[in-house]
Each structure stands twice: as C-alpha cells, then as structure tokens.
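Just so it is clear, none of the values below were taken in a lab; they were calculated from the coordinates. Small disclaimer: the values here were computed from a predicted structure and weren't measured. FYI the Cβ positions are ideal-geometry reconstructions off the backbone, even for glycines, and counts take in every protein chain you see.
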Amino acid sequence: MSAMAGQAWVGAAVARIGPNAITQVAAVLERELGAAALVRLFEAAGLSAHLARPPTGMVDDREVERLHRVLRAELGVAQARRIGRLAGERTGAYLLAHRIPSAVQRLLRWLPAAWAARLLVRAIGRHAWTFAGAGAFTARVGPPLQLVIRHGPLARGDRADEPVCDFYAATFAWLFRALVHPNATVVEVECEALGAPSCVFELSWSR
C-alpha cells in the first residue's frame, strides 16, 4: 500500500494544534452533561482558563492530550468516545462553514468520488499541522484509502481496550460525506492506545 507523496508532516518543533479539539469538546460537554461537569473536567485537565477565555488561536497540543485523557479517566472510554465523536462532527461543520472555500466545496462535489477524495486528502495533508500537533500525518492511497496519524495528541501515551480517536474519525467522516460521497464512512482500524504504532483511519463509500 503506497503512501501519497508529500503527505507527511511532523510538527514536533511547534507542537501546537487548532483550538477545536478543546472548544468543541467544551460545547458538547456543556450540552450533554451540564455546566458543572464541564467545569469539573476542565479543572481536572488544568484547562480552566480556557473556559473563562476560549482559545481562538493555536493551543499547545499537550493540553488536548490532557483533556482527552481526563475524559476517558473520568467518564469512561465509551462516554469519552461519544463526546469526542460529537465534538468531531461539530469541528467538521465548522471547517465547512469557515475554512474550506465555497468554490472548492463545489468543485469537490462535482468531481467523481475517487478524484474528490484524493484532492481532499491532499488538502487535509497541507493543513495537518493544525490537528496533528507534535505528531505526523500520512495518507495511503490504497485501496483502501487510509489516513494515518502517528503520535497524535488524542491517544499519545495512553492505553485502552478499543480505539479512542473518535474526534478525528468524526471530523474526517463529516468532511468526506459533505464533499466526496454522502455514504462515506471512516473507521479507526488501528490505534496507538491499543499498542499500534499509529492511528489509522480507513475510508470507504458506496459506489
């Protein structure tokens, strides 16, 4: 399975990430569990300052790592995965509304799914520094098409009995359903929390 040329980026020198992995989680926690639970969980992660002043710029990816680890420890893996999935969906909607030009969206929807998928993956790769943090992103063109994040902040250094990067999976799925094919699915088939060397997200869609 070949890797798409030019699709590897390492952000170790900067180790910063876009704020959605924090702000969208906060919004979902408040909606699903209430303000008191939101405050308690952010305090446990050492992120209370982000409630008083939500970040609008890049944040230290270690903050994202702490937050998602606290969610799993305090809520259990199943509930943390649900919160991550909902936050990822909100992030996908945000990216469509604010970060991907409408002309690009129209082009991708017009193209055959396979072509649109390749172009979208390349665009994701160019902006991988905004979500991989100190990790690295690669794309395997397959088939199947796979997105790979190594040493990303969601699963870094943690252990679980199931994949835990639902925030990423849901964000990718939202974008691919909107721009490539309405039946697109994204499944995390390997996860560092399970001892794998990377977190691998496999994409597919009905023809």
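General remarks:
- For peptides 172-183, 87-98, 130-141, sequence by mean Cβ density within 10 Å, most packed first: 130-141, 172-183, 87-98
- Dipole moment magnitude, nearest 20 debye, the chain about Cα centre, only Lys, Arg, Asp, Glu C-beta charged: 680
- Relative to the longest principal axis of the Cα atoms of the chain, helix 77-98 runs at roughly 60 degrees.
- Note on the chain: dipole from Cβ charges, positive end direction compared against Ala139, Val70, Leu51; the farthest Cα belongs to Ala139.
- Over the C-alpha trace of the chain, radius of gyration and Dmax come out as 16.3, 48 angstrom.
- Within a Gaussian network of the chain (alpha carbon springs, distance under 10 Å), most fluctuating of Ala103, Ala80, Ala27: Ala103
- Pair Ala15, Ala49: separation of 7 Å Cα→Cβ label points (nm): 1.6
- Given charges at Cβ of Lys, Arg, Asp, Glu: the chain dipole, positive-most of Leu107, Thr185, Pro163: Leu107
- Computed from Cα atoms, the angle from the helix 35-44 axis to the main principal axis of the chain rounds to 90 degrees.
- Three-way shape call for segment 93-146 based on the alpha-carbon gyration tensor, with the a/c threshold at 1.5: oblate
- Against the main long axis of the alpha-carbon atoms of the chain, helix 166-179 sits at an angle near 40°.
- Average Cα contact separation per residue, segment 69-207, under 8 Å, 6 or more apart, as relative contact order %: 27
- Rounded to 5, the percent of DSSP beta bridges in the chain classed as antiparallel: 100
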